[in-house]
Amino acid sequence: MKEIKDVVSETGVTASALRFYESMGLLPYVKRTQSGIRLYDDEDIKWVDFVTALRRTSMSISQIQEYVRLYKEGDHTISKRKMMMIEHKKAIEEKMEEIYRNLDKINYKLALYDVMEAQMNNDKIKI
């Protein structure tokens, strides 16, 4: 079992974020000592990593709460949880496509600047 400071060190997630995730029900099984100190096992750390990945890919707190609720209901919710992940994956892929389209525009502009600088300096354009 690990205390919060150990989980912070291991995952890079701040203590305040861990406490927030727990308060919002996103870390369903974190245990506490009699004096209230949080204790995390390996399964809890997997949850921290998973929740962090979902948040970093813009899944809302309420969606994660729904996922956790379904998880706690048991295996009969696997299809619903899978559908949630498929939908989230699709949203991520759409965002990535948008990012790549915008990156192409930026790369095009950078190429134009290379040409313009070369013309200003009477340099040969490097291809």
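Read the figures in this text as sums done on the coordinates, not as results from a lab. Just so you know, these numbers come straight off a predicted model, no measurement behind them. Neighbour counts run over all protein chains shown; Cβ positions are idealised from the backbone, glycine included.
Descriptive notes on the structure:
- Of all residues in the range 91-108, none are closer than 20 Å to residue 1 by Cβ and aromatic (Phe, Trp, Tyr).
- Top-ranked residue in the range 61-82 [being among the polar types (S, T, N, Q) and free of Cβ contacts under 8 Å to residues at least 24 places away in the same chain; ranked as farthest from residue 24 (Cα to Cα)]: 79
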